[in-house]
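Asker: Questions regarding the structure given below will be posed in turn.
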Amino acid sequence: MIKLAHGSGGEKTRELIEKLFLPAFKNPILEKLEDSGRLNGIAITIDGYTVKPIFFRGGDIGKLSITGTVNDLAVCGARPKAIAVSIIVEDGFPTEKLEKIVSSMAKISREVNAPIVTGDFKVVSKGEIDEIFIITSGIGEIFYPSLGADRVSAGDRIIVSGPIGDHSLAIMGERYEVELPQGFESDCAPILKLVEAITQVGGIKWMRDPTRGGLAAALNELAKAINKEILIYEDSVPFRKEVLNFCEIFGFDPYHLASEGRFIAVVDKEKSEKILSELTKFPEGKNAAIIGEVREKSKGRVIVKTKFGGLRLLDPPTGELLPRIC
Amino acid sequence: MLGEKLKNIKVKRHLRFMEVCGTHTVNICRFGLRNLFPEEVELRSGPGCPVCVTPASAIKIGIDLALKNDKFVITTYGDMMKVPGPNGTLADAKAKGGKVFSVYSITEALSLAEKNEDLKVIFLAVGFETTAPASAWAIKEAKLKNIKNFFLLSFHKLVPPAMELLASEGTLDGFLCPGHVSTIIGTEVYKNIARKYKIPCVISGFEAEDIIFAMIKLIEMAENEAYDVFNAYKRAVKKEGNKVAQGLLNEVFEEVDSEWRGIGVIPKSGLDIKEEYADFDAKIAFNIEKEDIPENPACKCGEVLKGYIYPYECPLFGKSCIPEHPIGPCMISSEGSCAAYYRYGGRLKDD
Amino acid sequence: MCLAVPHKVVEINGKEAITELGGIKKKTRLDLLEDVKVGDFVLVHAGFAIEKLNPEEAREILDAWREIEEHQS
Ligand code: SF4
Ligand code: SF4
């Protein structure tokens, strides 16, 4: 039976991909399980958006749907060229809301120079879906082809482009009725400029945007793919204090929170400082940090070195994020 | 440094302590404190996780109710959602279309009932003395506001009776007592246990320094045969505890014999709703019968919870039993002993 | 065993308060405590303040530690 957890980007999602989709659709491009499929100099990607609430601090489902797609292309070293969208709304959905969402989509699409060239719109009976779903597909031109988990080797450094988890907090803050500080926003934004800048430096081997499942999901996926150990220095991970405090209150693991405008890059050790300094030139990259390294150990797992010097296994998220009493 | 101080204490004999509370287990692992204990001192993990000790039958009751009637809504703390029972987890029941919601606070469940008179909102309540007063409050509030569609399914448990059971076995030399349970029950309860079973008790906070300090104190008391209680968490724990919360518990609940998963029935260790508030008792409203559900015989949770063995001594630990596929309850809750050892465990060597 | 985090009370309306931990403000019930004031620090568990923190005792670890030192020297 399919459960919510199967769609959460965690271990269950991976299981379903490995057991159902991969065998059924078997082909060498899909098998790489990257954010976009890459073939002959182009990359193609698709994603469905069902975020609740549809308007949140720092964005809405429209902004998210275009951003997510262009970011999926960017982490595959591709510049978006064109976007296709499908919008499904529930009977009775307010026109003003739809207008707002569409204008956010248009804005981001212009910003990254990726026109929305085709689309589809459907209305379903009330209750069949929750307000609105958006499915976005993008096609991009690959400008940095030398990416892939197979290029990652021991000694490589792990970089994140900024604080992680702000998007989840902006979303979950509403669900848990917390009041966030003035100006706290989702990180939802295109990352293309930053990716372009660091690819100029070179030495980048693998990139991923830590969306659903957060750092924990992305890093575990990489560790399993390369069958090596990833060590994360807890002190260096740039979580914002609001994110950490929110997690402490409700019992969430900050490594499981999602970002929609950040990326993880695994880079050559020699180039890591230069790449970091490129990133920090951008306002959205000013908190970028080297957070860990790849280690030569034949165990596909992620270890966190805690502030107290202890070691902890970072397991992949196993489903929905749930608040805890203990 | 405090840590070195602890490490260098000369201990005359082997001492076996127990941390009762799961948060202590996690923090001891997380802060890597085990390396700081003198060699003769061992600290075993106890039954201090309300999730781990909630019987499998509780999960089944919740699932069955959720699937029986689409007007029934099961609400519970997030911790309970993924605990496996004989017919799956509450999260599974949700996937099958049952109305199951996890909440951060029982107040959410109460307002759900208030806003949806056509639904019957059942709160599956777990937790120790720290959590139970909120349940007592919710029942009183429901009565006050005449909310007739809110019900509590109480699996609340009390910590001291379990400690007494473990102390009576005579294998322990001291207890690291749970800080947050103590904010409610105060310090005197432990004094009785300490005297009766000749076992020192130290109430500890949750920071690394708190725990180290409490351990130093515990070793000192054990060595001096000081069978008493020491409050090392005075900033939060008062001698008399939280009188308002105690009053609420007494008003709404009565002490009953209660089953602890993996341990068995412990006399007077659970809380059931008093007759006066029977209208809000889900066990009565929905005619719930107690059911015995055998555990997977290979799971050694009972022995882990009683401190007989360390989690890694269970043959399934880290093999067929891991957090993604838990066999026993101790592997599920993030504060469960097996999960804590698995995630932070001594098995991770930084070589 | 029971997650409880210190929050600062920033606003009180009857038995409901707004409490804050480092920029995160949320609703907290005060039904389990008497005479809580704005500015107090409380331990919050599952949405309820379960105890006031006593600022004078906050340095207890350090003080007690000093005591041990003196005791032994
Ligand atoms: S779930 Fe966590 S806090 Fe609760 S009893 Fe288990 S270990 Fe302790
Ligand atoms: S490792 Fe698993 S099976 Fe063994 S005692 Fe722990 S929970 Fe039970």
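Asker: Got a sec? Which of B:269, B:258, B:333 is within 16 Å of ligand 1 (Cβ to nearest atom), in a loop (DSSP other than H, G, I, E, B) and either of a type in the set (Gly, Ala, Ser) or in contact with a helix residue (DSSP H, G or I) (Cβ under 7 Å, 6 or more places away or on another chain) (or both)?
Answerer: Residue meeting the stated conditions: B:333.
Asker: For the range A:50-103, give me each residue that is in a strand (DSSP E or B) and either buried (at least 18 other Cβ atoms within 10 Å of the Cβ) or among the β-branched types (Val, Ile, Thr) (or both).
Answerer: Result: A:56, A:59, A:60, A:78, A:79, A:80, A:83, A:85, A:87, A:88, A:89.
Asker: Out of the residues in the range B:1-37 that are within 16 Å of ligand 1 (Cβ to nearest atom) and among the charged types (D, E, K, R), state the one that is farthest from the other protein chains (Cβ to nearest Cβ).
Answerer: Checking each candidate, the answer is B:19.
Asker: Look through the range B:53-73, keep the residues that are in contact (Cβ under 8 Å) with a residue 40 or more places away in the chain and within 16 Å of ligand 2 (Cβ to nearest atom), and return whichever of them is surrounded by the most Cβ atoms within 10 Å (Cβ to Cβ).
Answerer: B:53
Asker: While we're looking at this one, here's another question. Filter the range C:36-51 down to the residues that are facing another protein chain (nearest Cβ under 7 Å) and assigned to a loop (DSSP other than H, G, I, E, B), then identify the one that is surrounded by the most Cβ atoms within 10 Å (Cβ to Cβ).
Answerer: For the range C:36-51, the residue satisfying everything is C:46.
Asker: Here is a list of conditions, (1) among the polar types (S, T, N, Q); (2) more than 11 Å from every other protein chain (Cβ to nearest Cβ); (3) open to solvent by less than 10 Å² (accessible area, probe 1.4 Å), and residue B:76 meets all of them except one; can you say which number that is?
Answerer: The number of the failed condition is (2).
Asker: Let me ask something else about it. As an exercise: evaluate residue B:331 against (1) crowded, with 18+ Cβ neighbours inside 10 Å; (2) more than 8 Å from ligand 2 (Cβ to nearest atom) and give the number of the one condition it does not meet.
Answerer: Checking residue B:331 against (1) crowded, with 18+ Cβ neighbours inside 10 Å; (2) more than 8 Å from ligand 2 (Cβ to nearest atom), the one that fails is (2).
Asker: Any idea which of B:28, B:63 is under 26 Å from residue B:158 (Cα atoms) and modelled with pLDDT of 90 or more?
Answerer: B:63
Asker: Open to solvent by 30 Å² or more (accessible area, probe 1.4 Å) and within 19 Å of residue B:322 (Cβ to Cβ): which single residue out of A:295, A:301 fits that description?
Answerer: The conditions single out A:301.
Asker: State all residues of the range B:1-43 that are assigned to a helix (DSSP H, G or I) and under 18 Å from the mean Cα position of the chain (by Cα); if no residue qualifies, say none.
Answerer: Passing the criteria: B:22, B:23, B:24, B:25, B:26, B:27, B:28, B:29.
Asker: Residue B:130 - would you say it is touching a Ser or Thr at 6+ places or on another chain (Cβ under 8 Å), more than 16 Å from ligand 1 (Cβ to nearest atom) and in contact (Cβ under 8 Å) with a residue 40 or more places away in the chain?
Answerer: Here the answer is no, as residue B:130 does not meet what is asked.
Asker: Anything in the range B:172-196 that is out of contact with any Phe, Trp or Tyr (no Cβ under 8 Å at 6 or more places or on another chain) and farther than 26 Å from residue B:132 by Cα? List them, or say none.
Answerer: Matches in the range B:172-196: B:196 only.
Asker: If a residue must be among the acidic types (Asp, Glu), within 11 Å of chain C (Cβ to nearest Cβ) and more than 28 Å from residue B:187 (Cβ to Cβ), how many such residues does the range B:108-140 contain?
Answerer: Selection size over the range B:108-140: 1.
Asker: I need every pair where a residue in the range B:306-329 that is under 25 Å from residue B:265 (Cβ atoms) and within 14 Å of chain A (Cβ to nearest Cβ) has its Cβ under 7 Å from the Cβ of a residue that is more than 9 Å from ligand 2 (Cβ to nearest atom) and not polar (S, T, N, Q), sequence separation at least 6 or different chains.
Answerer: From the range B:306-329, the pairs are B:326/B:84; B:329/B:51; B:329/B:83; B:329/B:261.
Asker: Run residue B:50 past the list (1) within 16 Å of ligand 1 (Cβ to nearest atom); (2) of a type outside the set (Phe, Trp, Tyr); (3) surrounded by fewer than 24 Cβ atoms within 10 Å (Cβ to Cβ) and report the number of the one that doesn't hold.
Answerer: Checking residue B:50 against (1) within 16 Å of ligand 1 (Cβ to nearest atom); (2) of a type outside the set (Phe, Trp, Tyr); (3) surrounded by fewer than 24 Cβ atoms within 10 Å (Cβ to Cβ), the one that fails is (3).
Asker: Just checking, which of A:210, A:181 is open to solvent by 10 Å² or more (accessible area, probe 1.4 Å) and part of a loop (DSSP other than H, G, I, E, B)?
Answerer: Step by step, each of A:210, A:181 is checked, and only A:181 is open to solvent by 10 Å² or more (accessible area, probe 1.4 Å) and part of a loop (DSSP other than H, G, I, E, B).
Asker: Starting from the range B:204-223, take each residue that is more than 8 Å from every other protein chain (Cβ to nearest Cβ) and list its partners that are basic (Lys, Arg) and part of a helix (DSSP H, G or I), counting only C-beta distances under 9 angstrom and pairs at least six apart or across chains.
Answerer: Short answer, once both residue conditions are applied: B:204/B:217; B:212/B:5.
Asker: Which residue out of B:303, B:295 is assigned to a helix (DSSP H, G or I), open to solvent by 50 Å² or more (accessible area, probe 1.4 Å), away from chain A (no Cβ under 14 Å) and within 16 Å of ligand 2 (Cβ to nearest atom)?
Answerer: Matching residue, one of B:303, B:295: B:303.
Here is a yes/no grid of residues against (1) over 21 Å from the mean Cα position of the chain (by Cα); (2) within 28 Å of residue B:261 (Cα to Cα); (3) at pLDDT below 95:
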site	(1), (2), (3)
B:146	yes, no, no
B:155	no, yes, no
B:161	no, yes, no
B:169	no, yes, yes
B:172	no, yes, yes
B:198	yes, yes, no
B:210	no, no, yes
B:214	no, no, yes
B:227	yes, no, no
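Asker: Okay, moving on. Filter the range B:162-185 down to the residues that are closer than 27 Å to residue C:45 by Cα, out of contact with any strand residue (DSSP E or B) (no Cβ under 7 Å at 6 or more places or on another chain) and without any contact (Cβ under 8 Å) to a residue 60 or more places away in the chain and list them by number.
Answerer: B:164 - this is the single residue of the range B:162-185 that is closer than 27 Å to residue C:45 by Cα, out of contact with any strand residue (DSSP E or B) (no Cβ under 7 Å at 6 or more places or on another chain) and without any contact (Cβ under 8 Å) to a residue 60 or more places away in the chain.
Asker: Among the residues of the range C:16-35, how many are in contact with a strand residue (DSSP E or B) (Cβ under 6 Å, 6 or more places away or on another chain) and either assigned to a loop (DSSP other than H, G, I, E, B) or within 16 Å of ligand 2 (Cβ to nearest atom) (or both)?
Answerer: Summing the residues that are in contact with a strand residue (DSSP E or B) (Cβ under 6 Å, 6 or more places away or on another chain) and either assigned to a loop (DSSP other than H, G, I, E, B) or within 16 Å of ligand 2 (Cβ to nearest atom) (or both) in the range C:16-35 gives 3.
Asker: Oh, and also: Across the range B:238-265, which residue is surrounded by the most Cβ atoms within 10 Å (Cβ to Cβ) among those that are β-branched (Val, Ile, Thr) and modelled with pLDDT under 95?
Answerer: B:263
Asker: Follow-up. Just to be sure before I move on: is residue A:315 within 16 Å of ligand 2 (Cβ to nearest atom), at pLDDT below 95 and within 14 Å of chain B (Cβ to nearest Cβ) in the structure I sent?
Answerer: When the stated conditions are applied, residue A:315 passes them.
Asker: Condition test on residue A:45, is it of a type in the set (S, T, N, Q), outside the structural domain of residue A:222 (by TED's automatic domain parsing) and touching a helix residue (DSSP H, G or I) at 6+ places or on another chain (Cβ under 6 Å)?
Answerer: yes
Asker: Within the range A:285-312, track down each residue that is within 13 Å of chain B (Cβ to nearest Cβ) and either within 16 Å of ligand 2 (Cβ to nearest atom) or aliphatic (A, V, I, L, M) (or both).
Answerer: Once the filter is applied, which keeps residues that are within 13 Å of chain B (Cβ to nearest Cβ) and either within 16 Å of ligand 2 (Cβ to nearest atom) or aliphatic (A, V, I, L, M) (or both), the range A:285-312 yields A:302, A:303, A:304, A:311.
Asker: Quick one: in the range C:52-67, which of the residues that are at pLDDT below 90 and more than 7 Å from chain B (Cβ to nearest Cβ) is most open to solvent (accessible area, probe 1.4 Å)?
Answerer: C:56
The values are calculated or read from the model by the stated rules, or taken from the named source; none is laboratory data. Just so it is clear, the structure is predicted and the values come from calculations on it, not from any experiment. As a convention, Cβ positions derive from the backbone with ideal geometry for all residues, glycine included, and neighbour counts pool all protein chains shown. Side chains are part of the model used for accessible areas, which takes the heavy atoms of the whole protein and leaves out ligands, DNA and RNA. Shrake-Rupley method; radii C 1.70, N 1.55, O 1.52, S 1.80 Å.
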